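Please treat every number below as a calculation from the coordinates, not as lab data. As the structure is a prediction and not an experimental result, all values here were calculated from the model. Glycine also receives a Cβ, built like all others from the backbone with ideal geometry; neighbour counts cover every protein chain displayed.
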Amino acid sequence: MQIHAEQIEEHNKKALPDHRDALASMASRLEAQKTDPERIIRQLSRFQIAIPSWALGAGGTRFGRFPMGGEPGSLEQKIEDVGLLHALNRSSGAISLHIPWDIPKDTAAIKYLADEYNLAFDAVNSNTFQDQPGQEYSYKYGSLSHTDPAVRKQAVDHNVEVIRYGEALGSKALTVWLADGSNFPGQQNFRKALDRTRQSLESIYAEMPSDWKMLIEYKPYEPNFYSTVIPDWGTSLLLAGKVGDRATTLVDLGHHLPNTNIEQIVATLMMEGKLGGFHFNDSKYGDDDLTTGSIDPFQLFLIFTELLEEDHAPEEVFSRISWMIDASHNVKDPLEDLLQSVEGIKTALAQALLIDREALNEARAVNDVTMAQQVLQDAFRTDVRPLLRESRIRSGAAADPLRLYRKLEVRKKLISERGEDSVATGL
Ligand SMILES: [Mn+2]
């Protein structure tokens with residue numbers, strides 16, 4: 001299925017009268033505060049968030065899975081799904097592939113198809129957290145950290161294979177997330193496991209093209225419940241520092257223990273030039289599977305506040321860092337959930353762009369705690385939806401992507417094309 005420009009135009013035409021009023025009143029308020037709405041609208045249009053190929057089907061838990069119907073059954077259909085999202089919001093212009101779930105059989109044809117939907121290939125992701133059919137050695141007791149050099153070599157070779165697929169598709173980064181760890185005290189020698197992981201990462205790094213970066217993801221627990229080899233940002237940063245200049249830390253919002261100050265982690269990593277990428281999601285208790293911005297939008301706003309703190313050139317920050325959603329949707333239509341997540345992310349970005357930095361810096365310099373907080377609250381409590389809508393309309397996206405998705409009955413059409421039983425590979 002395709003969404004055509006005329007369908008978007010027709011939808012936008014109906015939204016325009018109300019939208020123009022809302023935007024005009026917001027623009028005059030912003031101008032009175034000496035904020036240029038045009039600058040923010042431009043930045044919003046530029047910001048793109050990659051969609052992971054594994055988030056396009058209904059996710060499951062270890063208790064069960066409830067398929068959505070019309071899920072993409074092939075890599076081609078996954079690209080089609082991301083193409084639909086991008087047509088609706090013009091903010092999802094890249095797809096992040098997971099090998100071996102998405103091995104491109106004909107890379108030239110896949111690249112051509114992605115081009116047709118105006119999609120680029122974001123970071124490629126390796127998988128050494130499960131065994132594949134026909135695989136010689138098991139990852140039951142680890143992969144890059146395994147005690148047996150033959151298992152480590154198999155895991156390194158897999159990562160190199162992922163890099164080669166990524167090269168053929170025009171990707172520029174490899175994301176490594178390790179499930180390696182231990183379930184019981186005494187099971188693993190922490191120091192040796194970490195050192196073996198460093199050595200394996202160095203072997204992979206040596207095979208990366210010179211314009212690639214490595215994103216080292218961390219996670220405190222699960223699937224292992226006693227220790228994880230890369231449990232936190234400090235360990236990731238330590239490894240990235242040893243492995244090389246283009247090895248960086250990836251922050252997955254859900255991969256923190258409750259109440260961790262993620263914005264402070266972001267600030268430190270930015271200061272060190274080691275923040276390579278983001279996985280967006282939200283969580284209430286643990287892990288990472290809820291719609292971005294659905295639980296703690298203020299935290300997301302504070303993260304963007306830190307991301308844009310360093311300088312006044314957001315474009316530079318946009319291009320330096322890889323932005324991706326990483327979530328799995330158990331009960332919602334994944335495409336609807338992804339539209340909401342992108343909206344949640346861009347809302348936080350718009351609010352952070354509204355911060356009066358001069359006033360904030362002044363308040364901080366004289367320790368005016370009340371006013372420093374007030375400056376942030378003024379930005380966070382602003383309804384930025386007219387700015388988001390305007391940036392979408394100017395980019396040829398739908399004024400209201402979710403409502404148009406429903407009106408066009410996209411899921412119903414995907415079910416009729418692909419069938420009720422079509423199930424996506426992934427989590
Ligand atoms: Mn992740």
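Quick look at the values:
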| item | result |
| --- | --- |
| Among beta bridges that DSSP assigns inside the chain, antiparallel share in %, nearest 5 | 15 |
| Net charge of neighbours whose Cβ lies under 14 Å from the Cβ of residue 107, counting Lys and Arg as +1 and Asp and Glu as -1 | -3 |
| Neighbourhood charge, 13 Å Cβ-Cβ cut-off, centred on residue 286 and excluding it, Lys, Arg +1 and Asp, Glu -1 | -4 |
| Evaluated at q = 0.13, 0.16, 0.18 Å⁻¹: base-10 log I(q)/I(0), Debye formula over Cα of segment 308-381 | -0.55, -0.74, -0.84 |
| Estimated inter-spin distance, residue 195 and residue 358, nm [label 7 Å along Cα→Cβ] | 5.6 |
| Cα-based Rg and Dmax for segment 64-196, where Dmax is the largest Cα-Cα distance (Å) | 17.6, 53 |
| Spin-label pair residue 295/residue 272, simplified geometry with 7 Å Cα→Cβ offset, distance in nm | 2.6 |
| Candidate lysines - alpha carbon under 20 Å from residue 284, same-chain residues fewer than 8 apart omitted | 219, 332 |
| Computed E for residue 129/residue 238 - FRET, C-beta separation, R0 25 angstrom, nearest 0.05 | 0.70 |
| Helix-derived mean residue ellipticity, 222 nm - over the chain, DSSP H n ≥ 4, -39500 (n - 2.57), to 500 | -15500 deg cm²/dmol |
| Proximal aspartates and glutamates to residue 14, defined as alpha-carbon separation beneath 20 angstrom and excluding residues fewer than eight positions away on the same chain | 6, 390, 400, 409 |
| Cα gyration tensor of segment 287-416 - equivalent ellipsoid semi-axes, whole Å, descending | 32, 16, 14 |
| Low-density loop cleavage sites - chymotrypsin sites (Phe, Trp or Tyr not before Pro) in segment 1-72, where at most 13 other Cβ are within 10 Å (DSSP) | 63 |
| Rh (Kirkwood; distinct C-alpha pairs) - the chain, Å | 22.5 |
| Segment 402-409 - phi-based ³J(HN,Hα) in whole Hz, Karplus 6.51/-1.76/1.60, Gly and Pro as x | 5, 5, 5, 4, 5, 5, 7, 6 |
| Extension reserve of the residue 316-residue 202 stretch, reckoned as 0.36 nm per residue once the Cα distance is removed | 38.3 nm |
| Lysines with Cα under 20 Å of residue 111, excluding same-chain neighbours fewer than 8 positions away | 78, 172 |
| Segment residue 395-residue 39, extension gain: residue separation times 0.36 nm, minus the distance between their alpha carbons | 126.7 nm |
| Spin-label model distance (nm) - residue 141 vs residue 7, 7 Å beyond Cα toward Cβ | 5.4 |
| Karplus-derived 3J(HN,Hα), 6.51/-1.76/1.60, for each residue of segment 126-139, Hz, glycine and proline x | 8, 9, 10, 9, 8, 7, 9, x, x, 6, 5, 10, 8, 9 |
| Residue-by-residue Karplus 3J(HN,Hα) for segment 338-343, coefficients 6.51, -1.76, 1.60, Hz, glycine and proline x | 5, 4, 5, 5, 4, 4 |
| Those trypsin sites (Lys or Arg not before Pro) in segment 22-118 that DSSP places in a loop and that have at most 15 other beta carbons within 10 Å | 34, 62, 105 |
